[in-house]
1. If you take just the helices (runs of 4 or more DSSP H) that sit entirely in the range 11-121, which of them hold at least 3 residues that are open to solvent by 20 Å² or more (accessible area, probe 1.4 Å)?
2. In the set ASP11, ASP86, ASP57, which member is over 16 Å from the mean Cα position of the chain (by Cα) and modelled with pLDDT of 95 or more?
3. Just one of GLY59, GLY68, GLY79 is small (Gly, Ala, Ser) and within 14 Å of the ligand (Cβ to nearest atom); which is it?
4. Based on this model, can you work out whether GLN185 counts as away from the ligand (no atom under 15 Å from the Cβ), of a type in the set (S, T, N, Q) and part of a strand (DSSP E or B)?
5. Given the residues ALA130, ALA163, which is the only one that is aliphatic (A, V, I, L, M) and free of Cβ contacts under 8 Å to residues at least 12 places away in the same chain?
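The values are calculated or read from the model by the stated rules, or taken from the named source; none is laboratory data. Just so it is clear, the model here is predicted, and its values are computed rather than measured. Cβ: placed from backbone, ideal geometry, glycine included. Neighbour counts: every protein chain shown. Just the protein is used for accessible areas: all its heavy atoms, side chains included, with ligands, DNA and RNA removed. Shrake-Rupley method; radii C 1.70, N 1.55, O 1.52, S 1.80 Å.
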Amino acid sequence: MHIGVLALQGDFAEHLAAVARLGAATREVRLPADLNGLDGLIIPGGESTTIGKLAVDFGLIEPLQAFGREKAIWGTCAGAIFLSKDARRQQPLLGLMDITVERNAFGRQVQSFAASLHIPALATVDPGNAPMRVVFIRAPLIEEVSGNAEVLCTLEDGRIVAAQQGCLLATSFHPELSGDDRLHQYFLKLAGGA
Ligand code: GLN
């Protein structure tokens with residue numbers, strides 16, 4: 001299993017470490033050719049406008065869209081924004097997932113928070129499925145899930161923070177910062193065709 005992490009900007013190193021802990025081969029992706037032979041790709045958190053502009057500069061938009069039509073992609077936070085079809089403002093987007101996101105929906109940097117989430121789909125990798133502790137850092141909200149996308153997880157008040165569309169995954173939060181690798185495990189299963 002070969003998993004790439006888009007390494008233009010953001011916390012790609014933490015994702016690479018999580019994937020390596022699970023025993024899969026990792027690769028930093030910066031150019032279209034880096035996608036060759038990968039089973040899946042993670043787009044990390046960071047700043048979605050920066051990631052988008054760099055992706056345009058490096059000729060990555062179309063190769064990433066083609067990759068996502070065939071293979072698994074998981075976007076966390078800024079990566080989820082980049083995967084969406086609508087971020088309610090002009091910025092480069094892959095438009096692969098039928099989700100509308102609201103950037104910075106929880107407020108400024110100082111309003112960042114940790115939360116324990118129940119993610120029902122994780123029962124497939126962990127039968128006990130205890131709540132997962134994750135971090136929201138200037139996180140987007142998934143305002144609307146339409147088309148073929150499905151809700152994967154909500155906050156207690158019902159606001160959507162994770163969605164799935166086939167083997168595409170979007171999470172508002174950062175699971176790579178708390179040392180709990182179950183969502184990475186779930187993604188590896190998707191990338192493996194499960
Ligand atoms: N606020 C950033 C954006 O809108 C996302 C923050 C993050 O990835 N932690 O792109």
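1. Qualifying helices (runs of 4 or more DSSP H): 12-21, 48-57, 61-70.
2. After ruling out the rest, the residue left standing is ASP57.
3. GLY79
4. Answer is no for this residue.
5. Criteria check complete, one pass: ALA130.
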